[in-house]
1. Is it true that some residue in the range 5-28 is surrounded by 13 or more Cβ atoms within 10 Å (Cβ to Cβ), part of a helix (DSSP H, G or I), β-branched (Val, Ile, Thr) and touching a Leu at 6+ places or on another chain (Cβ under 9 Å)?
2. Looking at the range 1-12, I want the residues that are without any contact (Cβ under 8 Å) to a residue 24 or more places away in the chain and have a partner that is surrounded by 11 or more Cβ atoms within 10 Å (Cβ to Cβ) and of a type in the set (D, E, K, R) with Cβ atoms under 9 Å, at least 6 apart or on another chain. Which pairs are those?
Amino acid sequence: MKALLWIVLCAAIVANVSLNLMEDNGLHIALSVVSGVVVLASGAGLWMLRREARP
């Protein structure tokens with residue numbers, strides 16, 4: 001599960017960086033919001049899994 005979250009996190013960060021090279025339009029804003037939500041969700045998931053692993 002952690003490996004999948006790391007892959008999703010890295011892919012969303014790369015997508016967000018590449019979206020900054022696009023022109024500003026509605027699609028750019030929507031994709032940027034989606035990638036930001038994915039980054040936050042996968043980061044929170046990794047943080048939750050880290051907290052469960054500790055005694």
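1. Taking every residue of the range 5-28 in turn, none turns out to be surrounded by 13 or more Cβ atoms within 10 Å (Cβ to Cβ), part of a helix (DSSP H, G or I), β-branched (Val, Ile, Thr) and touching a Leu at 6+ places or on another chain (Cβ under 9 Å).
2. Cβ pairs passing all conditions: none.
Since every read-out is calculated from the coordinates, none of them should be taken as a lab result. Fair warning: this is a prediction, and the values are worked out from it, not measured in the lab. Positions of Cβ are generated from backbone atoms using ideal geometry, with glycine treated the same way; all protein chains shown enter the neighbour counts.
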